[in-house]
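Colleague: Below is one structure. I have some questions about it.
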Amino acid sequence: MQVRRIHLDRIASVTRNAKVSPDVTIGDKVICQQGMLIAVKVLTDKYTYNTVENISGRMIRIKSGDILAGVLGHRMALKGYAGKVPESLKVGDTIQILNLGGVLGTCTAANPELGSPFDVEVLGSILTFPKLGDRVGSQATISNGKIQPSDTVNQKVPVVFVSGSSMNSGKTVAATELIRVLNHRGLSVSACKLTGVSLMRDILSMHDAGAQTVVDFTDAGVVSTRRSKILPIARGLINYLAKDKPDLIIAELGDGLLGDYGVDDILSDKSLMSCGICHIICAPDPVATYGAYTLFKDKFGLTINAISGPVTDNAVGRDYITGKLGIAAHNARYDIDKLVDIPHKAFLESK
């Protein structure tokens, strides 16, 4: 394998487990698996969706010619780019940046509002040299030091699950506000994002709101979650947070109830649902609300305790939810105390 040293202009947040420095050694052999780090050169310029999140959580603009460290992974976003890890890669091949966190792969579907994704040229695999005297190295991966998956939920800390009908339905706003107000009420709250595609923005918001510990699936070595593979990861994250014995865990489920990231797997899992004391659903409109209500009742056998999101922005949506579905409806921006009362009461009753 041929190797050389290069300087990185940008280090994407998805690489954070690997602790990449700005000056790295790259090799010409690339292992095409999710979680593997590669260096790429940006080939195009964009005027929308033209930033990448760095390892501090800042959004940094990228331009043609920039050298970026990213991670191979899949993405299946309805309102973003979809893509997959190619079967093989060699130096000089062209792939795309699939999300703001620096996930790299072959784009299979784009969103017209975002334009075409950035094209990038593969420069090589980013190498790590964990053993003293190792001159060959191995391709760096975000699996190093990961939170371990688990087949069981070992410690039962009460969990409030926040899910939604789709991406961009208000889940992170609701989760963040729940953390903030419950913290003000004297409860110790930890938080996690169990599904989605790697991006630090949401977990940083949770941390800023007062969560004592915050983790997501990337801390478990996963770039993007997948149906049929998410359960051991989710259980491991819940176990990790439970070790510190918080009063409550707020668990956001990224993407929608029927997406490819495995939200429905989690909501169907008895071991995870045995920890759940409250389910808050976010939705943009009454049709999405009715769909979520039907899925919870008929597929998951669960009760929705409250609905939030854009559908609760005014009385039209709230009246439908309370009058037709018989569910509490409170907006996380304008009616947060009443929304928090619901999981707070559930917590007190669970003790």
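Since every read-out is calculated from the coordinates, none of them should be taken as a lab result. Quick caveat, the model's predicted, so the values are computed rather than measured. When we count neighbours, we look across all protein chains shown, and the Cβ atoms used for this are built from the backbone with ideal geometry, even at glycine.
Colleague: Using the alpha carbon gyration tensor of the range 159-350, what are the three equivalent-ellipsoid semi-axes (square root of 5 times each eigenvalue), largest first, in whole Å? Before the final figure, lay out the partial values.
Modeller: Values: eigenvalues 107, 74, 45 Å².
Each semi-axis is √(5λ); the values are 23, 19, 15 Å.
Colleague: Hand me the trypsin sites (Lys or Arg not before Pro) from the range 128-195 located in a DSSP loop with no more than 10 other Cβ atoms within 10 Å, in residue order please. Write out the running numbers ahead of the final one.
Modeller: Working: sites: K131, R135, K146, K156, K171, R180, R185, K193; in loops: K131, R135, K146, K156, R185.
Here the sparse-neighbourhood loop sites are K131, R135.
Colleague: On to the next question. Computed over the Cα atoms, what is the radius of gyration of the range 3-139 divided by 2.2 N^0.38 Å, N being its residue count? List each step's numbers first, then the result.
Modeller: Values: Rg = 14.1 Å, N = 137, 2.2 N^0.38 = 14.3 Å.
Here the answer is 0.99, to two decimals.
Colleague: Which lysines does K351 reach when only Cα atoms under 17 Å apart count, and residues fewer than 8 places away in its own chain are ignored?
Modeller: Once the sequence-local lysines are set aside, what remains near K351 is K156, K245.
Colleague: Write down the percent of antiparallel bridges among all DSSP beta bridges whose residues are both part of the chain, to the nearest 5. Let's see the in-between values first.
Modeller: On the way: 35 of 63 bridges.
Within the chain, antiparallel bridges account for around 55 percent of the total.
Colleague: Could you tell me how far the Cα centroid of the range 1-47 sits from the Cα centroid of the range 176-231, in Å?
Modeller: After rounding, the separation between the Cα centres reads 26 Å.
Colleague: May I ask which of K270/K297; K41/K229; K171/K324; K79/K297; K19/K131 have a Cα-Cα span longer than 21 Å here?
Modeller: Exceeds cut-off: K41/K229; K171/K324; K79/K297.
Colleague: Summing +1 for each Lys or Arg and -1 for each Asp or Glu, what net charge is found among the other residues whose Cβ lies under 15 Å from the Cβ of V14?
Modeller: So the environment of V14 carries a net charge of +4.
Colleague: OK, next. Quote the charge dipole size of the range 3-139 about the Cα centre in Debye, to the nearest 20; the model charges only the Cβ of Lys and Arg (+1) and of Asp and Glu (-1).
Modeller: The dipole magnitude comes to about 320 debye.
Colleague: I would also like to ask the following. Convex hull over the alpha-carbon atoms of the range 134-210: what's its volume per residue in Å³? Let's see the in-between values first.
Modeller: Details: hull volume 13.0 nm³, N = 77.
Expressed per residue, the convex hull around the Cα atoms of the range 134-210 is 168 Å³.
Colleague: May I ask you to sort R4, R235 by Cβ crowding, counting other Cβ atoms within 10 Å and putting the fewest first? The partial results should precede the final answer.
Modeller: Values: R4 11, R235 23.
With the fewest neighbours first, R4, R235 line up as R4, R235.
Colleague: Among H74, H279, H207, which comes first, second and so on when ranked by fewest other beta-carbon atoms within 10 Å?
Modeller: Values: H74 21, H279 25, H207 17.
Sorted ascending by nearby Cβ count, the order is H207, H74, H279.
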